[in-house]
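Colleague: Right, I'll just put the structure down here and ask away after.
The values are calculated or read from the model by the stated rules, or taken from the named source; none is laboratory data. Just so it is clear, the structure is predicted and the values come from calculations on it, not from any experiment. Neighbour counts run over all protein chains shown; Cβ positions are idealised from the backbone, glycine included.
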Amino acid sequence: MLRFLRRQSVRWLMLLGLCELLLLAMSLVIATYIRYGHNADELAEFTVHLPERALVFATAIVFGMVALGQYQSHMRMSRFGLMARQAVAFVLGGVLLVIGYYVLPQAYVGRGVLAIALLLGFILVLGIRIVFLQLVEVEALKRRVLILGAGTRASQIHNQMRRRTDRRGFCVVGYVPHARETVAVPEEQLIRTSLSLCEIIAREQIDEVVVGVDDRRGNLPMDDLLECRQLGITITDLTSFFERESGRLQLSFLDPSWLVFSGGFNGTPLRQLSKRCFDLVAASVLLLLCWPLMLIEVLAIRIESGAGQPILYRQERVGAHGCTFQLLKFRSMRTDAERDGIARWASKNDDRVTHVGRISRKLRIDELPQLWNVLKGDMSIVGPRPERPQFVADLDTKIRYYNLRHCLKPGLAGWAQLSYPYGATVEEAAEKLKYDLFYVKNHNLLLDLLILIQTVEVVLFGRGAR
């Protein structure tokens, strides 16, 4: 039974979301009875269609929590940070409800009921979140992972996943060294025994074996691994393990054969059609919602820069399959920012940025004209960040597999933008590539929708802007 719970831990976030949806719906029901319980006539009037109203309330708040990344398994934050994000999520959900009540008056529940429901829901959700965080840290409920190998490759788990938050949902029981590799893992984490692999697994109650041997050619105990598979033990290679647990591809592990034979890279006509439809619908909706902001931005640039200065900025960027296109942005730098013709990364507190540009970059307003690029088909709503040809030519020679990010259209939002801050060096570009390749390999309609929603968090907290 314990092993079953550990294997289902990857679905705990879905269970958490369902529990919170029910708690939030219950909050509105309780709030209605608190507000109108003393008057039977008013209670009877406001309990008409109460289940539907409760579902609308709960869905709006959960949407706000999704937008703030509250269901992201790779999120790392303190409990204070969790509480702050939850508060912002409830504010966002409340705003959505107010807008929704104007669109659909039948769903209106009253200001008193809404205020009580928001307060009660916040307390209940915070309570279940605290319990959830305690549960996921219980060692007995984590997947017990055994690493086959103790050399350079296997040591990356110890070196790059040493924090407790990096190992949320699993615990490394130990490393089984191979005779033909140099040990690079601390001695106290090694499992040195004459027992067979299956016997070690039975003794340590292992749920998953991660194959991390430096040289796999002829060095794997295939009979033991096959027997483990027959016993229901999950066998995972090190690259796939990193991909699953960290939300990125580890470049040092990648080889062409893994990229060819692993799953993902969905480029079927159906997926291309669904992505294009998603782009058209999302871009149209965003244009309808954001045109007042765009108008304010135009006026602000005109007031700061004066008449005759350009409002829009056109810049050549690299798109799908290496083809270039003209990207549109609101101008956020001085007109002489690159008067010498040399392309430069934007730096922190860049003095070329105008006063209006500094604000619009933080709020991502300067990127809204790219919605036209999406409608034209040069870009997608979600994808790798479009880079300038000069940077791409340089990075392609310095970073392995960099050209793979161009097998999709670049995006207005992206997994790398959510997961990693702005990159202005080759090293930072390599780190962002890990997340770009994760998206390129695993993109689907649901992931696109989640990334678009969670981009709200980037805008609100100003992460990655320069």
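Colleague: Can you tell me which residue is farthest from Leu280 (Cα to Cα) among those in the stretch 381-420 that are touching a strand residue (DSSP E or B) at 6+ places or on another chain (Cβ under 7 Å) and of a type in the set (Val, Ile, Thr)?
Modeller: The selected residue is Val392.
Colleague: Examine the stretch 395-409 for a residue that is in a helix (DSSP H, G or I), touching a His at 6+ places or on another chain (Cβ under 9 Å) and of a type outside the set (Asp, Glu), and state whether such a residue exists.
Modeller: For the stretch 395-409, residues in a helix (DSSP H, G or I), touching a His at 6+ places or on another chain (Cβ under 9 Å) and of a type outside the set (Asp, Glu): present.
Colleague: What number of residues within the stretch 305-330 satisfy the criterion of being of a type in the set (Gly, Ala, Ser) and surrounded by 13 or more Cβ atoms within 10 Å (Cβ to Cβ)?
Modeller: Qualifying residue count, the stretch 305-330: 3.
Colleague: Does Leu190 satisfy the criteria of being surrounded by fewer than 16 Cβ atoms within 10 Å (Cβ to Cβ), over 28 Å from the mean Cα position of the chain (by Cα) and either at pLDDT 90 or above or farther than 24 Å from Glu243 by Cβ (or both)?
Modeller: Spelling it out, Leu190 is indeed surrounded by fewer than 16 Cβ atoms within 10 Å (Cβ to Cβ), over 28 Å from the mean Cα position of the chain (by Cα) and either at pLDDT 90 or above or farther than 24 Å from Glu243 by Cβ (or both).
Colleague: Going by the structure shown, is Leu16 part of a helix (DSSP H, G or I) and either modelled with pLDDT of 90 or more or over 25 Å from Gln454 (Cα atoms) (or both)?
Modeller: no
Colleague: Among the candidates Pro389, Pro410, which residue alone is farther than 23 Å from Tyr71 by Cβ, at pLDDT 85 or above and buried (at least 19 other Cβ atoms within 10 Å of the Cβ)?
Modeller: Pro410
Colleague: Let me ask another. Of the numbered conditions (1) within 13 Å of the chain's Cα centre (by Cα); (2) surrounded by fewer than 19 Cβ atoms within 10 Å (Cβ to Cβ); (3) under 16 Å from Gly247 (Cβ atoms), Leu449 fails exactly one; give the number of that condition.
Modeller: Of everything listed in (1) within 13 Å of the chain's Cα centre (by Cα); (2) surrounded by fewer than 19 Cβ atoms within 10 Å (Cβ to Cβ); (3) under 16 Å from Gly247 (Cβ atoms), Leu449 misses just condition (3).
Colleague: Next up: From the list Arg180, Arg216, pick out the single residue that is under 22 Å from Leu249 (Cβ atoms) and part of a loop (DSSP other than H, G, I, E, B).
Modeller: Checking each option against the conditions leaves just Arg216.
Colleague: Any idea how many residues of the stretch 95-131 are over 16 Å from Glu20 (Cβ atoms) and among the small types (Gly, Ala, Ser)?
Modeller: Total satisfying the criteria: 5.
Colleague: Could you list, in sequence order, all residues of the stretch 410-442 that are aliphatic (A, V, I, L, M) and over 14 Å from the mean Cα position of the chain (by Cα)?
Modeller: Passing the criteria: Leu412, Ala424, Val426, Ala429, Ala430, Leu433.
Colleague: Moving on. Checking the condition hydroxyl-bearing (Ser, Thr, Tyr) and closer than 14 Å to Phe242 by Cβ, which residue from Ser196, Ser155 passes?
Modeller: Matching residue, one of Ser196, Ser155: Ser155.
Colleague: Given the conditions (1) touching a Cys at 6+ places or on another chain (Cβ under 8 Å); (2) farther than 30 Å from Ala60 by Cβ, which single one is not true for Ile128?
Modeller: Just one mismatch for Ile128, condition (2).
Colleague: Please find, among Glu181, Glu245, the residue that is at pLDDT below 90 and under 26 Å from Asp436 (Cβ atoms).
Modeller: None of the others qualify; the one that does is Glu245.
Colleague: Follow-up question, since we're still on this one. Which one of Gly127, Gly151 is in a helix (DSSP H, G or I) and either among the β-branched types (Val, Ile, Thr) or at pLDDT 90 or above (or both)?
Modeller: One residue alone meets the criteria, Gly127.
Colleague: Checking the structure you have, find out if any residue of the stretch 204-215 is closer than 27 Å to Lys142 by Cα and without any contact (Cβ under 8 Å) to a residue 12 or more places away in the chain.
Modeller: Looking through the stretch 204-215, none of the residues is closer than 27 Å to Lys142 by Cα and without any contact (Cβ under 8 Å) to a residue 12 or more places away in the chain.
Colleague: Suppose we filter Gly69, Gly110, Gly94 for residues that are surrounded by fewer than 20 Cβ atoms within 10 Å (Cβ to Cβ), at pLDDT below 90 and small (Gly, Ala, Ser); which single one remains?
Modeller: None of the other options fit; the residue is Gly110.
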